[in-house]
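To keep things clear, I will list the structure first and then write my remarks on it.
Just so it is clear, none of the values below were taken in a lab; they were calculated from the coordinates. Values in this document were obtained by computation on a predicted structure and should not be read as measured data. In this analysis, Cβ positions are derived from the backbone assuming ideal geometry, glycine residues included, and neighbour counts consider all displayed protein chains.
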C-alpha cells in the first residue's frame, strides 16, 4: 500500500487501485467506474471520476455521474477523509443508454478489467 508522502507515480497507483477494486467486484449490475489522478500533495490526492450505471428506482435508465473526489491519508496510507462532488446526467434519450462510453463493460454484474476501462477515450470536454 502506497503511503505518504506521495509521488506522481504512487498517487496514480493509489487512484488506479481504487478504480480496479470497484470494477472487479460483481456487486452492482451495470456499473463501470473510471478514475484519473487530478492533483496531489504529500498526503492528499484529488481524483476526477466518471461512472455509468443503472438502478431500479427509476426504471433502469442509464446515467453518468462525473465529478471530483478529495482524499486525505494518514501516515500509514489508510484513507482518513474522503469528500466527493458529482453530477448525474441521463445518457441518451430518456436514459436509453445511447452514447455510453463503457458499453459492454461491467454488464450483468461482471467485473471489469482496468485496461478495458482505461482504453475508453474520454474527450477533453468531459475533463
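Reported count of residues in segment 81-127, each being in a strand (DSSP E or B) and under 20 Å from residue 19 (Cβ atoms), is 8.
For segment 62-80, how many residues meet the condition of being outside any strand (DSSP E or B) and within 16 Å of residue 14 (Cα to Cα)?
5
Out of all the residues in segment 30-46, is one or more surrounded by 18 or more Cβ atoms within 10 Å (Cβ to Cβ), touching a strand residue (DSSP E or B) at 6+ places or on another chain (Cβ under 9 Å) and at positive phi? Within segment 30-46, one or more residues are surrounded by 18 or more Cβ atoms within 10 Å (Cβ to Cβ), touching a strand residue (DSSP E or B) at 6+ places or on another chain (Cβ under 9 Å) and at positive phi. Scanning segment 99-127 for residues that are closer than 13 Å to residue 54 by Cα and over 14 Å from the mean Cα position of the chain (by Cα) yields a count of 5. Among residues of segment 12-61 being more than 12 Å from the chain's Cα centre (by Cα) and assigned to a helix (DSSP H, G or I), the one that is nearest to residue 123 (Cα to Cα) is 12. Restricting attention to segment 62-81, the residues being over 15 Å from residue 32 (Cα atoms) and under 14 Å from the mean Cα position of the chain (by Cα) number 4.
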